[in-house]
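A quick write-up on the structure given underneath.
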Amino acid sequence: MIVRIRSREGLERVSIPESESATVATLRSLIESQLGVPAEAQILSVDPKLLLSNSNSNSNSEAQVSTLSDPSASLSSLGLSHGSLLYLSSSLPRLSAPPPPPRSAFAPAGSFGRNKMTIDDLIARQIRITRQENPHCVSASFDRASANAFQLYVSQTLAFSIKRGGFLYGHVASDSSLSVQFIYEPPQHATEDLLTLLRDPHEERLVHAIASGLGMTCVGFVFTQAVGRKKSDTGEYTLSAREVAQAAALHAEGATPEWVTAVVKLEVDKDGGADVHFEAFQMSDMCLKLFWDGLLETDLPEDADPRLSRVNKEVVVAGKDTKEVDNDFFLVPVKISDHQGPLQCTFPIENRITTVTLRALKSHLDNSKNMPFVKRISDFHLLLLLSKFLDVNSDVPALAECVKNQGNVPEGYQLLIESLAAAS
């Protein structure tokens, strides 16, 4: 006979070899041998309220719910049979290394539990998916010019017909607030539902060198949602399962607790007007744990419901064992605002439809002759073009630091930049 045991550790199963003569004392002994819960500390009940009590002793729990307190009572007399569900609380921690359960506990016969279970299955079933109330990032502020340049390209050039993405660079303050100062758009290929980043290690090395000189770091990722994205038959959704998986992967790569994922979307009001909206989230700690543990599925079939993320082991959501989780369980909203940052964003942006050349540099410098030279080059996208002609280990950080401090640009750098512009 198999009896299901629900505790604060999750849903587990205990095998009872001689069920006809089994008593409560027998069950307690088997729970200790198979699950590692000391028999003297066990509190058993058929009432789920047992797990809602904050008990530290058997007497406190028994006063609140009806428990299986008679050790000599037979399980059959209590109405327990194959597949019955009991609730378990314990006043002591589990044994550090309980003996492994008999093989039959993982491959039971009969109509209940036909599929074999492994230790990994039981561990996964101990994972409870709940909503995370508080983000690690208290707020995210976006440089107004950078955010506007990103959304204008998506709305006017791409018409929100395909996805678009970019890495966010800026600062994390001591109060865990975040400020985004520029957006780097890597090479990419996109459709209505899929954004594939064609990462260029050499270019990203240049980006990191510029950010280092500016005293900034990568703090998040932004992407857009196409107006023709796949619909869900089960309701509206904020992020699709693919977007959740990609956001979790990038968040994990970023290794910054305050890392944010920003979403840009076009919303149509009841009068037919359209507005561009920015929203910011963090992936929940549980979402990241599932990703790191290899439980969050990232390769999803075409017919998958975009509203539901999939895990490859059963987890507990709202008291039910499932392999599908509503994406909203993984999203932690972050307050969003904007500001005027220290950099300009008027230079053509990399990796878009039109290739950026030195001719753009000449035009930019010609249009800003009346400004101090450091102001003329205070644009990340211009610095990225220049970095392709400079030494990444010395010149790039040094020039970026001049921009950071808004000090005089060494004459050698000025002559080099002007000669590059003239060569176009």
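Read-outs: derived from the displayed coordinates by stated rules, not from any lab. Given the structure is predicted, the values throughout are model-derived calculations rather than measurements. Here the Cβ positions follow ideal geometry from the backbone for every residue, glycine too, while neighbour counts run over all protein chains shown.
When a/c reaches 1.5 or more, the comparison of a/b and b/c decides; with that in mind, is the stretch 204-272 rounded, prolate or oblate per its Cα gyration tensor? Each step should come with its number before you reach the end.
Numbers: a/c = 3.19, a/b = 2.03, b/c = 1.57.
Prolate.
For THR256 and SER394, what does the FRET efficiency come to when R0 = 25 Å and r is the distance between their Cβ atoms, rounded to the nearest 0.05?
With a Förster radius of 25 Å, E is 0.40.
Write down the Å³ per residue value for the convex hull defined by the alpha carbon atoms of the stretch 139-224.
Convex hull of Cα atoms, per residue: 96 Å³.
Which Rg and Dmax, in Å, describe the Cα atoms of the chain?
29.3, 96
Once every Cα of the stretch 306-424 carries one equal point scatterer and solvent is ignored, give the base-10 log of I(q)/I(0) from the Debye formula at q = 0.12, 0.16, 0.22, 0.24 Å⁻¹, two decimals.
Each listed q maps to, in turn, -0.58, -0.77, -1.29, -1.46.
Helix-derived [θ] at 222 nm for the chain: sum -39500 (n - 2.57) over DSSP H runs of at least 4, divide by residue count, nearest 500?
The per-residue figure over the chain is -8000 deg cm²/dmol.
Would you mind calculating the gained length between SER161 and LEU95 on full extension (0.36 nm times residue separation, minus the Cα-Cα distance), in nm to one decimal? Please report the intermediate quantities before stating the final value.
Working: separation 66, 0.36 × 66 = 23.76 nm, distance 5.70 nm.
Using 0.36 nm per residue and subtracting the Cα-Cα distance, I get 18.1 nm.
For the cross-link pairs LYS265/LYS320; LYS231/LYS270; LYS230/LYS335; LYS369/LYS404; LYS230/LYS265, which exceed 22 Å when the distance is taken from alpha carbon to alpha carbon?
Too far apart for the 22 Å limit: LYS265/LYS320; LYS230/LYS335.
Roughly how many nanometres apart are two label points built 7 Å out from the Cα toward the Cβ at GLU192 and LYS289?
3.7
State, to one decimal in nm, how far the label point of ASP299 lies from the label point of ASP275, with both points 7 Å from Cα in the Cβ direction.
Calculated label separation equals 4.3 nm.
Indicate the gyration tensor shape class of the stretch 245-358 (rounded, prolate or oblate), computed on the Cα atoms with a ≥ b ≥ c the square roots of the eigenvalues: a/c under 1.5 is rounded; otherwise a/b larger than b/c is prolate and the rest oblate.
Note, shape of the stretch 245-358 comes out prolate.
Set the Förster radius R0 to 41 Å, insert the Cβ-Cβ distance between SER212 and LEU85 as r into 1/(1 + (r/R0)^6), and round the FRET efficiency to 0.05.
My answer for the efficiency is 0.10.
Residue by residue through the stretch 323-339, what is 3J(HN,Hα) from phi via Karplus (6.51 cos²θ - 1.76 cosθ + 1.60, θ = phi - 60°)? Round to whole Hz and write x for glycine and proline.
Each residue of the stretch 323-339 in turn: 10, 10, 10, 4, 4, 4, 5, 9, 9, 10, x, 10, 4, 10, 8, 9, 7 Hz.
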